[in-house]
Every structure is written in C-alpha cells, then in structure tokens.
Amino acid sequence: MGTVTIEAKLTPKLLEELEKFIQEGWYADRNDAIRDAVRKLIREKKLTKEELNILKDVEWGLHG
C-alpha cells in the first residue's frame, strides 16, 4: 500500500509537544506521530458512532 503526502499546519505549541514525543522516543519522526494520531482519531470516532447506535438500539428496545 502506498502513501500520500499531505500538508498540515500546526501551532507552534502543538509542534513543540509533538517534537517532545519524538525526542522521548515515542515516535521515530513527525510522520509516524501524525499517522498514529490520525489512527487514534478514526478509532475514537468509530467507537463513538457505534456507542450511539447501541444506545439507540437500547432506547428502541425499552420504549419501542
């Protein structure tokens, strides 16, 4: 699978925090950190959507 290059603008504070993670060895580079952040965002949003669907199902089951 290939990759696509995108441009992202970060505030100086966000970039500083990102660089700290890289310096501490959490990530190899900015690309690695940003990919991980996007994966986590997608996983979080999917979970939220699934949770809402479950709540709707429960509500329907309780009240028809």
| query | Under a point-charge model restricted to the Cβ atoms of Lys and Arg (+1) and Asp and Glu (-1), what is the dipole moment magnitude of the chain relative to its Cα centre, in debye to the nearest 20? | reply | 180
| message | Could you give each residue of segment 7-12 its phi-based ³J(HN,Hα) in whole Hz, using Karplus coefficients 6.51, -1.76, 1.60 with θ = phi - 60°, and x for Gly or Pro? | response | 10, 10, 9, 10, 5, x
| field | Pairs beyond 23 Å (Cα-Cα), from K13/K46; K20/K45; K20/K40 | value | K13/K46; K20/K45
| said: I'd like the orientation of helix 30-63 relative to the chain: the angle between its Cα long axis and the longest Cα principal axis, in ° from 0 to 90, rounded to 10. | reply: 10
| 222 nm [θ] for the chain, helices only, -39500 (n - 2.57) per DSSP H run of 4+, per residue, to 500? | -25000 deg cm²/dmol
| request: Give me D for the chain in µm² s⁻¹, whole number, from Stokes-Einstein with Rh from the Kirkwood sum over alpha-carbon pairs, 25 °C and 0.890 mPa s. | output: 167
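FYI, it's all coordinate maths here, none of it is from the lab. What you see is a predicted model, and the numbers here were worked out from it, not measured in a lab. With ideal geometry, Cβ positions are generated from the backbone for all residues, glycine too; neighbour counts draw on all protein chains shown.
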